[in-house]
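> Got a structure for you, questions after.
The values are calculated or read from the model by the stated rules, or taken from the named source; none is laboratory data. The structure displayed is predicted, hence computed values, not measured ones. Using ideal geometry, Cβ is built from the backbone for each residue, glycine included, and neighbour counts are taken over all protein chains shown. Accessible surface areas use protein heavy atoms only, side chains included; no ligands, DNA or RNA. Shrake-Rupley method; radii C 1.70, N 1.55, O 1.52, S 1.80 Å.
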Amino acid sequence: MPTLLAIQVSPRHEYSTSRKLSAVFVEKWLAAHPGGKAIERDLMKTNLPFVDLPWIGGAFTPPEQHSPESAAAIKISNDLVAELRAADRIIIATPMYNFTIPAVLKAYIDHIVRVGVTVVDNVGQLTGKKATVILASGGDFSPGSPIEGYDHASSYLRQVLGFIGITDLDIVLAGSARAGTSGETAVEAFGEVIASAAAARVVG
Ligand SMILES: Cc1cc2nc3c(=O)[nH]c(=O)nc-3n(C[C@H](O)[C@H](O)[C@H](O)COP(=O)(O)O)c2cc1C
């Protein structure tokens, strides 16, 4: 039974373009995979501490040497890695903030990129998964746009996900997704894009 992990990042909840597009995606994926299971990891509802000294102690020493502080600090990381490892299909629905990813998504990434766990001898361990990023932004960063090069979110996510073995990655640029009336129009337009035959590869 395939499992889809949908990682939500936006704090705008019902107003969020990335969340709305993700909902379209999840619905289509479930329809295409009878018996499949969709799990949501909402980073707005997850207590994600930044990496600190106890966390580093937990990440770089064997469990039997962990202090109570390190054991507690590394637990959320272990849980998130297990959740990600169990997923066959991954979607990350995120806004662009200041030309890159929101801090909460970076905090998540710092928990799941683990030397000796998800990366061993520089080889990513989470292979065999397919992932899609839906990147909502106010600007249009699509190929040919004069601001295409300002999009540091796409290149960063491709690099860091590839580092842990997730190399089969599609990135859907949901640009011009401003809040308000134009944002609503953009959601409908992108919903159609995701529903289209061309996007079947993305949803599959
Ligand atoms: C703090 C903040 C920073 C933003 N930075 C950018 C940016 O660098 N480039 C851009 O095109 N849009 C930027 N935006 C606009 C959002 O990417 C856009 O509103 C997007 O739709 C947000 O995703 P959401 O609708 O899923 O919340 C920013 C918005 C906020 C709140």
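> Amide H of residue 124: which non-local residues (sequence gap of 5 or more, or other chain) have their own amide H closer than 5 Å, using H built in the peptide plane?
Under 5 Å from the amide H of residue 124 lie the amide H atoms of 165, each far enough along the sequence or on another chain.
> Next question. Please report the accessible area of residue 29 (heavy atoms, 1.4 Å probe, ligands and nucleic acids excluded) in Å², nearest 10.
Rounded to the nearest 10, the figure is 0 Å².
> If every alpha-carbon in the chain counts as one equal scatterer, what log10 I(q)/I(0) does Debye give at q = 0.12, 0.13, 0.15 1/Å?
-0.62, -0.73, -0.95
> Would you calculate the separation in nanometres between label points at residue 69 and residue 13, each defined as 7 Å from the Cα along the Cα-to-beta-carbon direction?
According to this spin-label approximation, the distance is 3.5 nm.
> Can you compute the FRET efficiency between residue 47 and residue 123 using 1/(1 + (r/R0)^6), with r the Cβ-Cβ distance and R0 = 35 Å? Round to the nearest 0.05.
0.70
> What FRET efficiency do you get for residue 61 and residue 148 if R0 is 30 Å and r is their Cβ-Cβ distance, rounded to the nearest 0.05?
0.10
> Another question about this same structure. Treating only the Cβ atoms of Lys and Arg (+1) and Asp and Glu (-1) as charged, compute the dipole magnitude of the range 3-203 about its Cα centre; round to the nearest 20 debye.
Approximately 240 debye in magnitude.
> Let me ask something additional. Among DSSP bridges having both ends in the range 3-203, what percentage is antiparallel? Round to the nearest 5.
About 10 percent, rounded to the nearest 5.
> Give the peptides 14-21, 59-66, 148-155, 105-112 in descending order of average Cβ contacts within 10 Å, highest first.
14-21, 105-112, 148-155, 59-66
> Distances longer than 15 Å among the Cα atoms of the range 56-143: what percent of all pairs is that?
Every Cα pair in the range 56-143 considered, those over 15 Å come to 68 percent.
> For residue 7, which sequence-distant residues (separation of 5 or more, or a different chain) have an amide H within less than 5 Å of its own amide H, given hydrogens modelled in the peptide plane?
Under 5 Å from the amide H of residue 7 lie the amide H atoms of 41, 91, 92, 93, each far enough along the sequence or on another chain.
> What accessible area, in Å² to the nearest ten, does a 1.4 Å probe give for residue 104?
40
> Can you give me the pair-distance distribution of the range 1-90, C-alpha pairs, 5 Å bins, whole percents?
Taking all Cα pairs of the range 1-90, the binned fractions are 3, 13, 19, 16, 15, 13, 9, 7, 4, 0 percent.
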